[in-house]
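Here's the structure, in structure tokens; my notes come after.
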Amino acid sequence: MGVWTLLGLLCCLAIWLSPGTQALQDVPDPRPDPSLYNLGVGIYDATGPAAGVNMMGYANPGQINSGIHMRLYSRAFLIDDTSRRLVFVSLDCGMMGQLVKIEVVKRLQMSYGDMYDHDNLLLSCTHTHSGPAGFLQYLLFDITCMGFIQETFDAMVEGVVKSIEMAHENVRPGHLYVSSGELLDSSINRSPTGYLNNPEEERAKYAYDTDKTMTLLKFVAEDGTDMGMINWFAVHPTSMNNTNTLISGDNKGYASQLFEKDMNPGALPGQGSFVAAFAQSNCGDVSPNTKGPRCIDTGLPCDMETSTCNGRVKNCIAFGPGENMMESTRIIGYNQYAKAKELYNQPDMLKLSGPVQFAEQTIDMGDYTVRFDDGTTAKTCLPALGYSFAAGTIDGPGAFDFQQGTTEGNPFWDLVSAFLHKPSKEQVDCHHPKPILLDTGEINFPYPWHPRIMDTQVGRIGNFMILPVPGEFTTMCGRRLREMVSAAAEAAGLPDTIQVVAGHSNVYSHYIATFEEYQIQRYEAASTIFGPHTCAAYMQQYAYLTTAMLKGESIPPGPPPPDLSKQVMSLLPGVIYDGTQPGYAFGDVIANPYPLAYTGETVSAKFVSGHPRNNVMLGGSFLKVQQLQPDDSWLTIATDANWETRFIWERVSSLLGTSVATVKWDIPTDTPEGTYRITHEGHYKTFFRGVDHYEGVTKPFKVVAPPVPAVNRVPLRRRVNPKKSWWQKLFFM
Ligand SMILES: *[C@@H]1O[C@H](CO)[C@@H](O)[C@H](O)[C@H]1NC(C)=O
């Protein structure tokens, strides 16, 4: 802390010594080349339990995971101007948890002292809805997953810490470049009637009702080596819908995999040195399901205002652009990848230059005073959720439907629902016109249901500003935030800033809709837990942070973020034991692939398996596709992280503890012909000896290119030689 205090004092001294000069000159940048930074990138696996655990995002208690499509990664980017450093992390997860950040800071400080702290770590999540749940410390978020799940939390912390360590270890001098461009046909507004309630003059400034701009930051070492890339684009990773049970980074995870594969030829996912993050932005009201909502029973459009079909929420679902959710994920992921590729290779990118700075403050968002230009004030409210929250969205309707009792039979909900109570009059007035369904801000039993202490933060590299926000800002609230911060920066002497909103950062507090959207009370507004002035409050707070940061003013840290790790409860039972059918051992192959497979086909294999929760295999893989090498060794060419593979796990008998793992491999058409095999490894649990490792291998099989398709093939007709002589015919020649 000493260094920062000293720096702060020096800045104050500088301001005092040079009254009247522009504030920016007060931030010393002693480097001869202000565009040369110390840069580091890192990536590490952060995949939690692969089966038996509820998935985070749709709040659908029935969505229990059963394997892996793609692994989840933490991608870390370190930028240091020799006197200050900041680290941006984009993690494939639903949202960042306060406890995750607390633990990450603790772990990093054990190794590096006060080099890393809450203020210079910007932890953001991609918002995939296909990762394991249970990592958030506030009770409400853990109801559908039956409480806190330590294995999910540990994997996330470990992944983030390891990725930052890697970035820290490989720091080298380099330059940063920025470009941006529009990506169309990849997002729609899922609450257009809410958006339309924003003032007409304001809407007239924009061509679209969602942000189409992708902004990209490119990392290049001084010697010209490509190091990495982060881009920010606002779209929900809800291409995989709430029936998916395989862990997946969704459209953003796939885009990262494509980009990294290009830049790290031959490397397995997560193993290359180039790191490509597709980070989240103000995606609150932005759906990737571009065909839009329709009624699944009738095929007709849903009711616009309420997103219902015949009064029923459940039947109004958005689809597309693909025929099924895998294809939609592939298309929306590919679109983001292709745009990022184009922006990355743009010849005239802007080179960043100038100091690195950051500012952070925790605030009590349940009690924040907003001061408007006309001199009036307003206050935020204690957290509460409105009725439309229970309805869900067109990306995942109505799973959290308390009224219809779909959470019945969930012991966690049964236990805690008794503590619900009627909201006080102040709460009702404060949240007006939101009808309160869950008055979470006034219940702290058995422990707090919702956060109040919000982590607010800004970071800056030259004139590039990152705004990590603790939730899901809607399109318009994100625009207002960027505009306000940009004006504050200009007033403080830094004109022409480029702003990116980094969504789902540091701590999660649902949605942040504008005051006008709030009046319409669609899902995003009903989920704006701190009331109608939440967006205005954040605008004021981020402008304040920006001004203070640029002027080098010290900011009181605010109330410490609560650590509930000692209080959280968990009702999800652990693995009791695993067993096999008589005559079988763990890892035995039940079904081998056919001995011959064509590229473009799907190969599958089945193994006797143990529960994946016994060990999440962090940094490893439950499966390997291997190719036979000329020296008779086996080279791994795909893992469970690859898009082309799926690891699917199924409990056969709970009583006997038997289970089967299915591995599927969609053989890419460019796969070289040769001999291949599939392996599966995992861990099983016994009563007396605890957890043990096992491994299984299929028989080798050949992969060849398919025969020329029938339409193009020269017909293989037996040619009858008309000129056969009589003796040839006689001797059957
Ligand atoms: C999820 O997607 C599948 C197609 O992949 C579709 O059949 C199903 O209706 C969708 N379900 C929901 C609830 O969106």
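Among residues of the stretch 634-658 that are modelled with pLDDT of 95 or more and assigned to a strand (DSSP E or B), those with a beta-carbon under 6 Å from a residue that is buried (at least 22 other Cβ atoms within 10 Å of the Cβ) and hydroxyl-bearing (S, T, Y) at least six positions away or on a different chain give the pairs A638/T645; T639/S621; R651/S659; V652/S659. Checked against (1) free of Cβ contacts under 8 Å to residues at least 40 places away in the same chain; (2) on the phi < 0 side of the Ramachandran plot, G583 passes all but condition (2). If you check M56, M70 for being under 12 Å from the mean Cα position of the chain (by Cα), crowded, with 24+ Cβ neighbours inside 10 Å and over 19 Å from F358 (Cβ atoms), only one passes: M56. Going through (1) more than 21 Å from S621 (Cα to Cα); (2) of a type in the set (F, W, Y); (3) surrounded by fewer than 24 Cβ atoms within 10 Å (Cβ to Cβ) one by one, F153 falls short only on (1). Here K351 fulfils each of the conditions (1) more than 19 Å from A277 (Cα to Cα); (2) within 16 Å of the ligand (Cβ to nearest atom) apart from (2). Tell me whether the stretch 126-133 contains one or more residues that are part of a strand (DSSP E or B), touching an Asp or Glu at 6+ places or on another chain (Cβ under 6 Å), closer than 21 Å to G619 by Cβ and in the same structural domain as A502 (by TED's automatic domain parsing). Within the stretch 126-133 (the criterion being part of a strand (DSSP E or B), touching an Asp or Glu at 6+ places or on another chain (Cβ under 6 Å), closer than 21 Å to G619 by Cβ and in the same structural domain as A502 (by TED's automatic domain parsing)), the answer is yes, since at least one residue qualifies. Test M484 against the stated conditions and say whether it is within 24 Å of G558 (Cα to Cα) and at pLDDT 95 or above. When the stated conditions are applied, M484 passes them. Can you tell me which residue is nearest to F622 (Cα to Cα) among those in the stretch 242-272 that are in a loop (DSSP other than H, G, I, E, B) and within 16 Å of the ligand (Cβ to nearest atom)? For the stretch 242-272, the residue satisfying everything is L246. Any chance the stretch 188-211 includes a residue that's within 16 Å of the ligand (Cβ to nearest atom) and either assigned by TED's automatic domain parsing to the domain that holds P612 or within 24 Å of the chain's Cα centre (by Cα) (or both)? The answer is yes; a qualifying residue exists. Restricting attention to the stretch 662-684, does a residue exist that is over 28 Å from R330 (Cα atoms), small (G, A, S) and in a loop (DSSP other than H, G, I, E, B)? No: the stretch 662-684 contains no residue that is over 28 Å from R330 (Cα atoms), small (G, A, S) and in a loop (DSSP other than H, G, I, E, B). On inspection, F622 qualifies as outside the structural domain of V105 (by TED's automatic domain parsing), of a type in the set (F, W, Y) and under 29 Å from the mean Cα position of the chain (by Cα). From the list P321, P293, the one residue that fits, being within 14 Å of the ligand (Cβ to nearest atom) and in contact with a helix residue (DSSP H, G or I) (Cβ under 6 Å, 6 or more places away or on another chain), is P321. Just so you know, in the stretch 301-318 the residues that are among the charged types (D, E, K, R) and within 16 Å of the ligand (Cβ to nearest atom) include one that is surrounded by the fewest Cβ atoms within 10 Å (Cβ to Cβ), and it is R312. Apart from one condition, C283 fits all of (1) of a type outside the set (V, I, T); (2) within 16 Å of the ligand (Cβ to nearest atom); (3) modelled with pLDDT of 95 or more; (4) touching a strand residue (DSSP E or B) at 6+ places or on another chain (Cβ under 8 Å); the exception is (2).
Each row is one residue, and each column tells you yes or no for (1) within 30 Å of D297 (Cβ to Cβ); (2) within 16 Å of the ligand (Cβ to nearest atom); (3) in contact with a Ser or Thr (Cβ under 9 Å, 6 or more places away or on another chain); (4) not assigned by TED's automatic domain parsing to the domain that holds D297.
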| residue | (1), (2), (3), (4) |
| --- | --- |
| T329 | yes, yes, yes, no |
| K341 | no, no, no, no |
| P347 | no, no, no, no |
| F358 | no, no, no, no |
| R371 | no, no, yes, yes |
| L382 | no, no, yes, yes |
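Within the stretch 218-241, the only residue that satisfies the criterion of being outside any loop (DSSP other than H, G, I, E, B) and over 18 Å from K341 (Cβ atoms) is A221. Please work out if P237 is more than 16 Å from the ligand (Cβ to nearest atom) and either surrounded by fewer than 24 Cβ atoms within 10 Å (Cβ to Cβ) or under 18 Å from A46 (Cβ atoms) (or both). Against the criterion (more than 16 Å from the ligand (Cβ to nearest atom) and either surrounded by fewer than 24 Cβ atoms within 10 Å (Cβ to Cβ) or under 18 Å from A46 (Cβ atoms) (or both)), P237 does not qualify. Please verify whether the stretch 375-384 includes one or more residues that are surrounded by fewer than 15 Cβ atoms within 10 Å (Cβ to Cβ), on the phi > 0 side of the Ramachandran plot and either more than 29 Å from the chain's Cα centre (by Cα) or modelled with pLDDT under 85 (or both). Among the residues of the stretch 375-384, at least one is surrounded by fewer than 15 Cβ atoms within 10 Å (Cβ to Cβ), on the phi > 0 side of the Ramachandran plot and either more than 29 Å from the chain's Cα centre (by Cα) or modelled with pLDDT under 85 (or both), which makes the answer yes. Among the residues of the stretch 663-675, those that are without any contact (Cβ under 8 Å) to a residue 60 or more places away in the chain and surrounded by 13 or more Cβ atoms within 10 Å (Cβ to Cβ) comprise V663, G674, T675.
Per-residue answers, yes or no, for (1) out of contact with any helix residue (DSSP H, G or I) (no Cβ under 9 Å at 6 or more places or on another chain); (2) part of a strand (DSSP E or B); (3) at pLDDT 95 or above:
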residue	(1), (2), (3)
F141	yes, no, no
T144	no, no, no
E165	no, no, yes
L176	yes, yes, yes
G181	no, yes, yes
Y195	no, no, yes
E202	no, no, yes
L216	no, yes, yes
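Is it the case that some residue within the stretch 106-118 is part of a helix (DSSP H, G or I), closer than 27 Å to I555 by Cα and either assigned by TED's automatic domain parsing to the domain that holds G682 or in contact (Cβ under 8 Å) with a residue 60 or more places away in the chain (or both)?
Within the stretch 106-118, one or more residues are part of a helix (DSSP H, G or I), closer than 27 Å to I555 by Cα and either assigned by TED's automatic domain parsing to the domain that holds G682 or in contact (Cβ under 8 Å) with a residue 60 or more places away in the chain (or both).
The values are calculated or read from the model by the stated rules, or taken from the named source; none is laboratory data. If you're wondering where the values come from, they're calculated on a predicted model, not measured in any experiment. Here the Cβ is made from the backbone with ideal geometry for all residues, glycine too, and neighbour counts use every protein chain on show.
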